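Asks: Please find one structure pasted underneath; my questions will follow.
The values are calculated or read from the model by the stated rules, or taken from the named source; none is laboratory data. Keep in mind it's a predicted model, so treat the numbers as computed, not measured. Here the Cβ positions follow ideal geometry from the backbone for every residue, glycine too, while neighbour counts run over all protein chains shown.
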Amino acid sequence: MHVVITLTDGQLPQVTVTEGPAVRHYETTPEVLAELLVDADDGPAPRPWTVSPILPPHTVLWAQQGDSECVVLEIPAGPQPWVLPTGEDAVTALVIPLPRLLFLWTRHRGRITQKALVALNTDAPLTPDTPLFAYPLSNVYDNTTLCWTLPDQPYALTDIPGLARTFFATPNNWDLTRHRNQSGLDYRALGAALADRDTFPPEWLVPLHLTWTQWITQFVPQAEPVAEDR
């Protein structure tokens, strides 16, 4: 729509409205014209864009509040290292398949404050109701946070994928292996069984009885799903 207002001495303001092929002409009083202009000035200002930084590959969520930040990476299903100490200065090192994973990191002024890890049993797109499963190996507590200490220093977002790779190469312990999977195997036998497989058996995953929304709001309390179709 295009509006032209013409002011001529001794005449009422002339208004021409062009909307597509239709053109309308009419007169109005100065008082009505002034009210229309005031109403236009009081209209809602356009909301500014919120722009994320350049995010690591496979990022499925980024959120920020003040100096705190949360980022969740998807780790596609595939091979990862598995290292188990077997004695003094001895380890068993294998490459085993892991399921699709979601790796969560929170930062405060660049320093890592929380790390959490869950599994998925489907390749379907993530939705608010997607059910989550326990990370099936070790070094992860029942609340999904990691038993893993990093040097206390600032990390950039671009460092986080490398930190995730370092976690998988970190030696596993025996303390947090119970009830993490439904294979029925002890931990050493589990590693050996997986080394002979191409994919992690989905029936071995343990449900957390949590959806994506229930999980993420533990770390980003005010996270609300935003509808994609408007």
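Asks: Has segment 75-85 got any residue that is outside any strand (DSSP E or B), surrounded by fewer than 16 Cβ atoms within 10 Å (Cβ to Cβ) and modelled with pLDDT of 90 or more?
Replies: yes
Asks: Another one. Please determine, by comparing only the residues of segment 65-101 that are charged (D, E, K, R) and out of contact with any His (no Cβ under 8 Å at 6 or more places or on another chain), which one is nearest to residue 54 (Cα to Cα).
Replies: That would be 100.
Asks: Now, a different point. Given (1) over 13 Å from residue 134 (Cα atoms); (2) part of a loop (DSSP other than H, G, I, E, B), where does residue 176 come up short, assuming only one miss?
Replies: (1)
Asks: Can I ask one more? Suppose we filter 146, 194 for residues that are crowded, with 18+ Cβ neighbours inside 10 Å, among the aliphatic types (A, V, I, L, M) and farther than 24 Å from residue 69 by Cα; which single one remains?
Replies: 194
Asks: Also: Could you go through segment 143-157 and let me know if any residue there is without any contact (Cβ under 8 Å) to a residue 24 or more places away in the chain and of a type in the set (Val, Ile, Thr).
Replies: Yes.
Asks: How many residues does segment 184-217 hold that are assigned to a loop (DSSP other than H, G, I, E, B), in contact (Cβ under 8 Å) with a residue 40 or more places away in the chain and of a type outside the set (Asp, Glu)?
Replies: Residues flagged as assigned to a loop (DSSP other than H, G, I, E, B), in contact (Cβ under 8 Å) with a residue 40 or more places away in the chain and of a type outside the set (Asp, Glu) within segment 184-217 amount to 4.
Asks: So, in segment 93-137, exactly how many residues are of a type in the set (A, V, I, L, M) and closer than 14 Å to residue 215 by Cα?
Replies: 11
Asks: Kindly establish whether residue 133 is out of contact with any Asp or Glu (no Cβ under 6 Å at 6 or more places or on another chain) and assigned to a helix (DSSP H, G or I).
Replies: No; evaluated as a whole, the condition is false for this residue.
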